[in-house]
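Step one of this worksheet: look at the structure below.
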Amino acid sequence: GAVVSQHPSRVICKSGTSVKIECRSLDFQATTMFWYRQFPKQSLMLMATSNEGSKATYEQGVEKDKFLINHASLTLSTLTVTSAHPEDSSFYICSAKRTVVNTEAFFGQGTRLTVV
Amino acid sequence: AQTVTQSQPEMSVQEAETVTLSCTYDTSESDYYLFWYKQPPSRQMILVIRQEAYKQQNATENRFSVNFQKAAKSFSLKISDSQLGDAAMYFCAYRSANFGNEKLTFGTGTRLTIIP
């Protein structure tokens, strides 16, 4: 199966700083990548859809200026949490989809962000 | 908007027995995909099984099978011969078949415990 690598797996940062999370498709080209957030014992909530070479599409209620998404190549999308606060602490998961229509997306291993 | 409902927050089953996890969804679309994902303690999302709405035949993958009732908008997962490694959170998910709208909408999940 296709491999999606997410880095880092864990990160602790101080309030007010920014942190970048990378999502890479290792063995396929991904036109579209998705960023999810998962609170403890809850489901995955889509934050934004990232398309290579264009602006990300954010879900309602997600602050685009706080959660910056860049999808500069067919194998890499990044999520930057700017001016992080403790309430941004969560588990962030990316998934990447091949360029072929109607294939499933593959998930990264997730990043646990703790803001102190 | 599509919604996915999992009414069983927790389920348990004896090892080697069979268990069925329930999922219902709501959509006005006629063509879509349904998925069951497994999230073990590692939190890596693993695709268990996928069903195309246009297919009447229920999908099967080894010990995993679904009961897809399109008219009732029901999509249950049956796990046969349950194994200790099946213990995880299970999420039902919906995806439109429309190109450009391929985000996943997840249910709230069912935590499955396997009793030795």
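The values are calculated or read from the model by the stated rules, or taken from the named source; none is laboratory data. Because the structure is predicted, anything quoted here is derived from the model rather than measured. Backbone-built Cβ (ideal geometry, glycine too); neighbour counts: all protein chains shown.
Some values worked out for this structure:
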item	result
Of all residues in segment A:66-116 being free of Cβ contacts under 8 Å to residues at least 24 places away in the same chain and of a type in the set (A, V, I, L, M, F, W, C), the one that is nearest to the other protein chains (Cβ to nearest Cβ)	A:Val101
Search result, residues across segment A:1-60 that are buried (at least 17 other Cβ atoms within 10 Å of the Cβ), more than 13 Å from the chain's Cα centre (by Cα) and farther than 26 Å from B:Phe99 by Cβ	A:Val11
Residue, farthest from B:Gln6 (Cα to Cα), within segment B:90-102, restricted to residues that are surrounded by 20 or more Cβ atoms within 10 Å (Cβ to Cβ) and hydrophobic (A, V, I, L, M, F, W, C)	B:Ala93
Single match in B:Tyr54, B:Tyr37 (criterion: aromatic (Phe, Trp, Tyr) and surrounded by 18 or more Cβ atoms within 10 Å (Cβ to Cβ))	B:Tyr37
Leading residue by the ranking (surrounded by the fewest Cβ atoms within 10 Å (Cβ to Cβ)) among those in segment A:96-109 that are at pLDDT below 90 and assigned to a strand (DSSP E or B)	A:Arg98
Residues of segment A:6-33 that turn out to be within 12 Å of chain B (Cβ to nearest Cβ), modelled with pLDDT of 95 or more and closer than 23 Å to A:Thr103 by Cβ, as a count	1
Elements of type strands (runs of 3 or more DSSP E) contained in segment A:1-79, each with 2 or more residues being among the aromatic types (Phe, Trp, Tyr)	A:30-38
Per-region count, segment B:1-47, residues more than 10 Å from chain A (Cβ to nearest Cβ) and in contact with an Asp or Glu (Cβ under 7 Å, 6 or more places away or on another chain)	3
Boolean, A:Ile93 is of a type in the set (Val, Ile, Thr), part of a strand (DSSP E or B), surrounded by 16 or more Cβ atoms within 10 Å (Cβ to Cβ) and in contact with a Gly (Cβ under 7 Å, 6 or more places away or on another chain)	yes
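Results for (1) within 24 Å of A:Arg37 (Cα to Cα); (2) of a type in the set (D, E, K, R); (3) part of a strand (DSSP E or B), shown as yes or no for each residue.
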{"residue": "B:Glu29", "(1), (2), (3)": "no, yes, no"}
{"residue": "B:Arg43", "(1), (2), (3)": "yes, yes, no"}
{"residue": "B:Tyr54", "(1), (2), (3)": "no, no, no"}
{"residue": "B:Val66", "(1), (2), (3)": "no, no, yes"}
{"residue": "B:Phe75", "(1), (2), (3)": "no, no, yes"}
{"residue": "B:Tyr94", "(1), (2), (3)": "yes, no, yes"}
{"residue": "B:Glu102", "(1), (2), (3)": "yes, yes, no"}
